[in-house]
Amino acid sequence: MIRVQTEDFDVGAELKALTAGNTAIGGVALFVGLVRDMAGGQAVGAMTLEHYPGMTERQLEKIEAEARARWPLDATLIVHRHGRLEPGDQIVLVICASAHREAALEACAFLIDWLKTKAPFWKSEATPEGPRWVEARAEDDHAAARWQR
Amino acid sequence: MIRVQTEDFDVGAELKALTAGNTAIGGVALFVGLVRDMAGGQAVGAMTLEHYPGMTERQLEKIEAEARARWPLDATLIVHRHGRLEPGDQIVLVICASAHREAALEACAFLIDWLKTKAPFWKSEATPEGPRWVEARAEDDHAAARWQR
Amino acid sequence: MKLLYFAWLRERIGRAEEDLAPPAEVADVARLIDWLKARGPGYAAAFADLRVVRVAVNQDYVPVDHPVRAGDEVAFFPPVTGGSA
Amino acid sequence: MKLLYFAWLRERIGRAEEDLAPPAEVADVARLIDWLKARGPGYAAAFADLRVVRVAVNQDYVPVDHPVRAGDEVAFFPPVTGGSA
């Protein structure tokens, strides 16, 4: 399941809803992305996350389907926020549930690496010198590339 | 932080408590282990988890310290339950928070692999033929061995 | 053809989207970019360094030799920076 | 010396812990196991296959050539099966 929203999400409630009643699940891996107050050594205030409505949902669904094709997953969830966010706010949530912990952990890492490089979101950070578009990191491409096959 | 307890835990509350006020954190990886209703192809009812009080806490603290020495982590939590558990119940929680998602994800996978092979817990499953001690899986040793260096 | 611009491309061009009807010889993304650059300095600035421009046609990533035609939704944007740390 | 038994070792031996004073020549884990096996069929059954017995002295894992002495806490148990799937 995928969701793109401005509202915050409740990790505990999402976890319960996703696993409720499925006692075949043995392991659940979760990743929660938070807004940091530092980026590239510079203090950051609020940020605004712009996205491409329509393409975002399409890409998230493709990424989720790819994970479910690669690993034996019982349930998956991707929630990505957009709009204005403050340091400490939650940005993104990935949950992967499986009978086996290895599948859950690997699929979760795979999804977050792909989100970083394929989901059409752009961060604008408020800095003391004014708003600044965040540049993509080459390391993120490398992290995503290790899943290529 | 480590805890060994019979009571259930609230993943959302633990996550909030661990990350509250620390806006240097950019990524949090979590793993939640659940009791499955199937093991080795056989239906399983309740299980009882025995442990070695004293050594358990000592080993968990050592494992947590090792993770914090290997990766730049801002906060870590391991909660492991013992006693009687039903299918669907939560058994174990690992949370690793870091400025960088790679550190959080890797440390979380490291901790859960080590817990499987080093934390002195033993599962007795209720099966239709009576209680049965769960045997260790060779794959778990292999999963833990990949972190050796 | 519906054109969409995001992040600093949107800011340089000065609009988020527009409907344009390029001539028939504008048959792929590369030629569409050249045609847009000739429309004004904002476009020229947006497309000055194509290493930092990504393109989607009908909401899928495409390379610059991908064909474009009337009715397509063509989006230009920088490398993505979502997710988290 | 405080001896602790867990899981099916506890069940075969019939107790969870006991205080024993082995003779001085019982100087390491291997000799302690031999000495315990001679105490009765429950002990012999518990230690029949040492590939599935793990040992901790003073709450740290040790190999069978590890020394043991008066005052030690020595625990015997099967390979661990905590965590989850």
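Readers should treat all values here as calculations from the given coordinates under stated rules, not as data from a laboratory. Small disclaimer: the values here were computed from a predicted structure and weren't measured. Glycine gets a Cβ as well: all are built from the backbone with ideal geometry, and neighbour counts include every protein chain shown.
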Say a label goes 7 Å from Cα toward Cβ at residue A:16 in every copy; what distances in nm does this one have to the rest, shortest first?
1.2
Could you order the peptides C:32-38, A:74-80, A:126-132 from most to least packed, using the average number of other C-beta atoms within 10 Å per residue?
A:74-80, C:32-38, A:126-132
Proxy exposure order for D:10, D:15 (fewest C-beta within 10 Å first) is D:15, D:10
For residue A:62 and residue C:12, FRET efficiency with R0 = 25 Å and r from the beta-carbon atoms, rounded to 0.05?
0.30
Given unit charges at Cβ for Lys, Arg (+) and Asp, Glu (-), the dipole magnitude of the range B:58-149 about its Cα centre in debye, nearest 20, is 260
Between residue D:27 and residue B:43, take the C-beta separation as r, use R0 = 51 Å, and let me know the FRET efficiency to the nearest 0.05.
0.60
For chain C, with the dipole built from +1 on Lys and Arg beta-carbon atoms and -1 on Asp and Glu ones, taken about the Cα centre, which of C:83, C:71, C:42 lies farthest toward the positive end?
C:42
List, shortest first and in nm to one decimal, how far the label point of residue C:41 (7 Å from Cα along Cα→Cβ) is from its counterparts in the other copies.
10.0
Report the residue, chosen from D:56, D:75, D:48, that carries the largest GNM mean-square fluctuation when chain D is represented by alpha-carbon nodes joined by springs under 10 Å.
D:48
At what distance in nm do the modelled label points of residue D:35 and residue C:72 sit from each other, each positioned 7 Å from its Cα along Cα→Cβ?
8.4
MRE, 222 nm, helices only [DSSP H, n ≥ 4, -39500 (n - 2.57), over chain A, to nearest 500]
-11000 deg cm²/dmol
Taking only C-alpha pairs under 8 Å that are 6+ residues apart, what is the relative contact order of the range D:2-77 in percent?
41
So between residue A:5 and residue A:17, what do we pick up on full extension, going 0.36 nm a residue minus the alpha carbon distance?
2.5 nm
Taking chain A and dividing mean pair separation by its residue count, relative contact order in percent (alpha carbons under 8 Å, at least six apart)
33
Would you please name the GluC sites (Glu not before Pro) within chain C that are DSSP coil residues with at most 13 other C-beta atoms within 10 Å of their C-beta?
C:25
Over chain B, with a Gaussian network built from C-alpha contacts below 10 Å, which listed residue (B:44, B:28, B:94) shows the highest mean-square fluctuation?
B:44
Inter-copy label distances at residue A:65 (7 Å, Cα→Cβ; nm, one decimal)
5.1
